[in-house]
1. What's the total number of residues in segment 34-79 that are under 16 Å from Lys120 (Cβ atoms), among the hydrophobic types (A, V, I, L, M, F, W, C) and not in a loop (DSSP other than H, G, I, E, B)?
2. Would you pick out the residues in segment 52-69 that are in contact (Cβ under 8 Å) with a residue 40 or more places away in the chain and open to solvent by less than 60 Å² (accessible area, probe 1.4 Å)?
Amino acid sequence: MADNWSRKKRSEVMGKVRSTGNKSTELKLIKILRQSNIKGWRRNQALPGRPDFIFRSRRVVIFVDGCFWHGCPLCYRRPKSNQAFWDEKVRKNKKRDETVNRELREKGWNVVRIWEHELKDPDSVAQRVFDALR
């Protein structure tokens, strides 16, 4: 199936996708952290991979991965158009995630990755964060 938008329109739409402050991921986790009274996290810290949340004193980093962009095994649906591009894009994202995880762990950080769809169960997410902070 061909793209319904022109290249210019598609570029405009994709250009509005932000890597930080995403309402479907990061902002939902902020809400979960606050409701669960989990404190001590920081954002926008200079670490490999730019983790979404950092608990520096506990050496814990949290990434909230969008199911589409990071190729969630449960939710990812391969686009019907431009499949070669998307296959390569998601493959590179997964490879980068693995490299960042390894680099952070080698530096003594505990890495937690939360899928976008997991945010639908706030209690489970909060428990994962509590467990990582112990």
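The values are calculated or read from the model by the stated rules, or taken from the named source; none is laboratory data. Keep in mind it's a predicted model, so treat the numbers as computed, not measured. Backbone-built Cβ (ideal geometry, glycine too); neighbour counts: all protein chains shown. For the accessible areas, the whole protein counts, side chains as well, though only heavy atoms, and no ligand, DNA or RNA atoms are used. Shrake-Rupley method; radii C 1.70, N 1.55, O 1.52, S 1.80 Å.
1. Matching residues across segment 34-79 total 1.
2. Phe55, Val60, Val61, Ile62, Phe63, Val64, Asp65, Gly66, Cys67 - these are the residues of segment 52-69 that are in contact (Cβ under 8 Å) with a residue 40 or more places away in the chain and open to solvent by less than 60 Å² (accessible area, probe 1.4 Å).
This table checks each residue for (1) of a type outside the set (S, T, N, Q); (2) not in a helix (DSSP H, G or I).
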site: Ser81; (1), (2): no, yes
site: Val90; (1), (2): yes, no
site: Asn93; (1), (2): no, no
site: Arg96; (1), (2): yes, no
site: Glu103; (1), (2): yes, no
site: Arg113; (1), (2): yes, yes
site: Glu118; (1), (2): yes, no
site: Ser124; (1), (2): no, no
site: Arg128; (1), (2): yes, no
